[in-house]
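A quick write-up on the structure given underneath.
The values are calculated or read from the model by the stated rules, or taken from the named source; none is laboratory data. Keep in mind it's a predicted model, so treat the numbers as computed, not measured. Virtual Cβ from ideal backbone geometry, glycine too; neighbours counted across all protein chains shown.
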Amino acid sequence: MSPTARPLRLATTDAGFEQRFAERLHWSAETDAGVEQAVEKIIADVRARGDAAVLEYTNRFDKLGATSMGALELGQGQLKAAFDGLPAAQRDALEAAARRIRSYHEAQKKAGGESWSYRDEDGTLLGQKVTPLDRVGTYVPGGKAAYPSSLLMNVIPAHVAGVSEIIMVVPHPGAQNALLLAAGYVGGVHRAFTIGGAQAVAALAYGTATVPRVDKITGPGNAYVASAKRRVFGQVGIDMIAGPSEILVLADGTTPPDWVAMDLFSQAEHDELAQSILLCPDAAYIDRVQAEIDRLLPELPRKDIIAKSMNGRGALIHTRTMEEACAISNRIAPEHLEIASRKPEYWEPLLKHAGAIFLGAFTSESLGDYCAGPNHVLPTSSTARFSSPLGVYDFQKRSSLIEVSEAGAQKLGAIAAELAYGEGLQAHARAAEMRMKKR
């Protein structure tokens, strides 16, 4: 018997709307105590024993019989062989996606990723020096599913930023995926290891005899990977701790309802905890979308996952107006936000918080996932209120530049000394005063 998907039906005019809406949005990011304990032990062990611990855990969890770390490194020849062995259509698609992703991130770098400086009226130079990270590690999931597109989205911005060395780690099952290895070749991975889990994160964070220590770790993973990234943050940078995937569709009733139904499915098929929400002021249109959900669901291979996601976390919400729909969207701050409207440019200025905004009926979220160009690594769980998509800026750091002229030292020294004495820091004050001309 085919599963059914019945997202929660709400209307903003309902008496209990606020409570039911809040309950549907709620997702607990609390981690399992057993996971935390296991990760703590693995990280400590890898930090203490290095390669030996990484090899032991990799053999245990991936059921391998590797006798050395050398057996777990994937050479450039293997990545290229995977690429050469793909069907021509897949090779062309990988290269086209990579070109578009690179082009977008090169534009992003030009827009805000360059060093700058200026001199004030005293001849003092002030500015900012932008430099890339030296070495980055990218974690690529390889268990339930492998995502070559995520590999491109993590690696290409690092290349554009100027990162010197990019290390890929992937669990053993993912290392058997030719499309994923080919993406590593096209994206320009420098070294690749078939290790995963918390042990891979620990190896990247602290370094071993074989795995180089990195400056930052990016890429999604399971609960063990997320916990490990959280624990090593501070020793290295991390991109984010991602929650389940989300899509919010703002519809004015002009987009074919089957398109909207399939867009809702596109996130629901990721995971039972993924969230798909429709906001629309047209109740009859919402009925049509539900009818398409019923019609289309049986056709999909991942229908069981979709049904669980839609039934557990999905919602079809009837709003008073599109303006109200935009206001609710800002409260949700979704990962993916589609404006399914004939005039998306009318509504876009009202929207403040979203990981990525997809404008117009022809802009399916899936194009953003694979090949439009902007990064698909996006903030989830309402964190778009204060965070941004992965980008070139995540692989750069900024140093302030200050060169004070003799004339500038006279004016700035007096200000600094006054404040320093007020804070009780006499050495600060005197260091400034020594550079001032005696009066």
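Determine whether GLY408 is among the small types (Gly, Ala, Ser) and within 30 Å of ALA98 (Cα to Cα).
Numbers: among the small types (Gly, Ala, Ser): yes; within 30 Å of ALA98 (Cα to Cα): no.
Spelling it out, it is not the case that GLY408 is among the small types (Gly, Ala, Ser) and within 30 Å of ALA98 (Cα to Cα).
Is it the case that the stretch 34-54 has a residue that's outside any helix (DSSP H, G or I) and within 17 Å of GLY196 (Cα to Cα)?
yes
Inspect all residues belonging to the stretch 253-262 and state whether any of them is touching a residue at least 60 places away in the same chain (Cβ under 8 Å), under 29 Å from SER329 (Cα atoms) and surrounded by 21 or more Cβ atoms within 10 Å (Cβ to Cβ).
yes
For the stretch 177-219, which residues satisfy the criterion of being among the aliphatic types (A, V, I, L, M) and over 19 Å from the mean Cα position of the chain (by Cα)?
Here is the first cut: in the stretch 177-219, the residues among the aliphatic types (A, V, I, L, M) are 178-183, 186, 189, 192, 195, 198, 200-205, 209, 211, 214, 217.
The answer is ALA178, LEU179, LEU181, ALA182, VAL186, ALA192, ILE195, ALA202, ALA203, ALA209, VAL211.
Are any residues in the stretch 247-273 part of a loop (DSSP other than H, G, I, E, B), of a type outside the set (Asp, Glu) and at pLDDT 95 or above, and if so, which ones? Spell out how you get there, then give the answer.
First pass over the stretch 247-273, keeping only residues part of a loop (DSSP other than H, G, I, E, B): 252-256, 269-273.
Okay, now just the ones that are also of a type outside the set (Asp, Glu), so 253-256, 270, 273.
Residues satisfying the conditions are GLY253, THR254, THR255, PRO256.
Of a type in the set (Lys, Arg) and either touching a His at 6+ places or on another chain (Cβ under 9 Å) or not assigned by TED's automatic domain parsing to the domain that holds ALA38 (or both), is that true of ARG102?
yes
Yes/no matrix, rows are residues, columns are (1) crowded, with 17+ Cβ neighbours inside 10 Å; (2) farther than 21 Å from MET240 by Cα:
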| site | (1), (2) |
| --- | --- |
| GLY127 | no, yes |
| LEU133 | yes, no |
| GLY137 | yes, no |
| ALA158 | yes, no |
| SER164 | no, yes |
| ASN177 | yes, yes |
